[in-house]
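J.: Structure in structure tokens, see below.
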Amino acid sequence: MEDIIIVCTSCPLGCKISIEKCDSGYKVIGNNCRRGEVYVIEELTNPKRIVTSTVKINKSSISRLPVRTDKPISKEKIFDCINEINKVEICAPVNIEDIIISNILGTNANLVASRSMKKTVRD
Amino acid sequence: MITMKIYDVVIIGGGPAGLAAAFEAKKYGAKEVLIIERNEELGGILQQCIHNGFGIHQFREELTGPEYAERFINKVKKANIECMLNTMVLGINKDKVITIISKNEGYISIKGKAIILSMGCRERTREALMIPGTRPSGIFTAGTAQRFINIEGYMVGKKVFILGSGDIGLIMARRLTLEGAEVVGVAEILPYSCGLNRNIEQCLKDFDIPLLLQHTVIEVKGRERLEGVVVVEVDDKKKPLYKTKEFYKCDTLLLSVGLIPENELSIQVGVEIDGRTKGPIVNESMETSVDGVFACGNVVHVHDLVDYVTDEGRLAGKGAIRYLNNLFNKANKGDYITTECGKGVKYIIPQRLRMEHLNEWVMLHLRTDKNYDDVEIQIVIQGDIIKTIKKSKLSPSEMIRLRIPSDLIVNREIDNIKVEINERS
């Protein structure tokens, strides 16, 4: 297996790290710190991302509620996750960290509100 | 006659800079603190930045924009700081009388013993770039599109081209993709992106969105709605190479081509502006050239991380308190040293340092003029190098913070301190 170059995003340095599979695990070259090694191995084996989007909210002063997953989820599930998010419609009031969808797509991550929103009557 | 209400500190703009400044001013003893905000809620642009990545330095965790904002809004509310929302400042005069207008209050004047300017930035537009062509609908600044999608719930288009690889442009490339649009490309006139590394990786590469370096849009086509853009490669002097002309079919063009600090009020009150940052010239306490008028956040210079905006807001809030307590010696007003941009340095904040008001250390914020590999940042006083910091990578998109111990500069007969970028010796 040939080596793969991954840009580490753990910090602003952005090390270009090369990673190659070997008998004892992975051979990692080019990282300036331990976090770089952890990052590239996860990025190669199971890349994960926090997903953020919005859901429709009624009876509040603005019409979209920002939401996020409370844990990173597998990168390949991002679009399925967005599809689930787009099915949701809720009503104010909402508190920050309220669970909007629990255990979304069986990922063990909850979709939570990213802010609080009061109930208001729009004029 | 109605008497004019007088506040200790009036903060203009309730974004992250203003929130931090207000809280700090109240915490250190100001009694009457007022935040004036033109939007219907506090938080500023953070409320539409629904992605994560905020707060790494302040909280050691990655928050979304609204989460970061809510933490500071809660602090401000708990501290009983007065806020006027949906309120526009029309003008400030030399006596620090602020004229405002709002639905609740009407047209009134108030006075701030100290004023903190934290109005932030606005985006550069198509007109600022003078892109030729027709004037169809479908051309947005990236931040406006972000507001439409994330707050108002309107999608801006189906097939999108993005000009400019600043962070907002990159973030919007991902956001639009997740919302079902196709992003056909992101063009950047420079040979490198102006966005953070992580955004290039997670916003473009994750979704296979092409980044066209040294490319720009030279023409817009379409009558009612945008039908496409003409993109060319440019040479090192940013001159279009017309042979490389290529047509990109799209119904939407987003512009992420820079921010301009919003300083109309600052100029009106007589604040000196730095031509390099397009923001007020400030001293170590974030005080502008006008006594008792402070400034912080993106109105001073464009930041890449909100965490540093918060720090700057705190500094301005503390500065305002020192001013109110008469700690700033008026007689020595003219006594300051300047921070000078040496080779490779685009700007430095603060521009002025008053020796007697330095704490144990002073933080200099600067940006380089281009990318550098394996260089040294040198701090020079009267030809002597007093500090050298080795850096393997420097980029204009990442603000550099240099913590300078004050004992290196105080008690010396000097008039400036210079920062320059040199090849590693």
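J.: Among the numbered criteria (1) within 11 Å of chain B (Cβ to nearest Cβ); (2) without any contact (Cβ under 8 Å) to a residue 60 or more places away in the chain, which one does A:Ser61 miss?
T.: The number of the failed condition is (2).
J.: Considering each residue of segment B:387-406, count those that are β-branched (Val, Ile, Thr) and crowded, with 16+ Cβ neighbours inside 10 Å, and give that number.
T.: Let us first name the residues in segment B:387-406 that are β-branched (Val, Ile, Thr), namely B:388-389, B:400, B:404.
From what's left, crowded, with 16+ Cβ neighbours inside 10 Å: B:400, B:404.
Selection size over segment B:387-406: 2.
J.: Give segment B:193-229 a look and list any residue that's part of a strand (DSSP E or B) and aliphatic (A, V, I, L, M), or say none.
T.: Of the residues in segment B:193-229, the ones part of a strand (DSSP E or B) are B:211-213, B:215-221, B:225, B:228-229.
Those that are part of a strand (DSSP E or B) and aliphatic (A, V, I, L, M): B:Leu211, B:Leu212, B:Leu213, B:Val217, B:Ile218, B:Val220, B:Val229.
J.: Hey, A:Ile50 hits all of (1) under 27 Å from B:Tyr154 (Cα atoms); (2) out of contact with any helix residue (DSSP H, G or I) (no Cβ under 6 Å at 6 or more places or on another chain); (3) in contact (Cβ under 8 Å) with a residue 24 or more places away in the chain but one; which does it fall short on?
T.: (3)
J.: Same structure, new question: Looking for whichever is away from every other protein chain (no Cβ under 14 Å) and either within 30 Å of A:Ile6 (Cα to Cα) or free of Cβ contacts under 8 Å to residues at least 12 places away in the same chain (or both) here; the options are B:Phe148, B:Phe161, B:Phe207, B:Phe140. Which one fits?
T.: B:Phe161
J.: Another one. Hey, can you tell me all the residues within segment B:6-29 that are outside any helix (DSSP H, G or I) and either buried (at least 24 other Cβ atoms within 10 Å of the Cβ) or at pLDDT 95 or above (or both)?
T.: Listed by number, the residues that qualify are B:Ile6, B:Tyr7, B:Asp8, B:Val9, B:Val10, B:Ile11, B:Ile12, B:Gly13, B:Gly14, B:Gly15, B:Tyr28.
J.: I need the strands (runs of 3 or more DSSP E) fully contained in segment B:44-101, keeping only those with at least 1 residues that are over 21 Å from B:Lys31 (Cβ atoms) and either within 12 Å of chain A (Cβ to nearest Cβ) or in contact with a strand residue (DSSP E or B) (Cβ under 8 Å, 6 or more places away or on another chain) (or both). Reasoning before the result, please.
T.: Details: elements: B:52-54, B:82-84, B:87-92.
Per the criteria, B:52-54, B:87-92.
J.: Sort out for me the strands (runs of 3 or more DSSP E) sitting completely within segment B:310-425 that have 1 or more residues that are of a type in the set (Phe, Trp, Tyr) and closer than 21 Å to A:Leu13 by Cβ.
T.: Qualifying strands (runs of 3 or more DSSP E): B:372-381.
J.: Within segment B:355-406, how many residues turn out to be within 27 Å of B:Ile189 (Cα to Cα), among the aliphatic types (A, V, I, L, M) and touching a Ser or Thr at 6+ places or on another chain (Cβ under 6 Å)?
T.: Qualifying residue count, segment B:355-406: 1.
J.: When residues of segment B:126-137 are filtered for being closer than 20 Å to B:Pro240 by Cβ and either hydroxyl-bearing (Ser, Thr, Tyr) or crowded, with 22+ Cβ neighbours inside 10 Å (or both), how many remain?
T.: Let us first name the residues in segment B:126-137 that are closer than 20 Å to B:Pro240 by Cβ, namely B:126-134.
Filter once more, keeping what is either hydroxyl-bearing (Ser, Thr, Tyr) or crowded, with 22+ Cβ neighbours inside 10 Å (or both): B:134.
Number of matching residues: 1.
J.: Among B:Leu212, B:Leu196, B:Leu190, which is the only one that is of a type in the set (A, V, I, L, M, F, W, C), within 12 Å of another protein chain (Cβ to nearest Cβ) and buried (at least 16 other Cβ atoms within 10 Å of the Cβ)?
T.: Step by step, each of B:Leu212, B:Leu196, B:Leu190 is checked, and only B:Leu196 is of a type in the set (A, V, I, L, M, F, W, C), within 12 Å of another protein chain (Cβ to nearest Cβ) and buried (at least 16 other Cβ atoms within 10 Å of the Cβ).
The values are calculated or read from the model by the stated rules, or taken from the named source; none is laboratory data. Since we're looking at a predicted model, the values are computed, not measured. Every residue, glycine among them, receives a Cβ derived from its backbone with ideal geometry; neighbour counts consider all protein chains shown.
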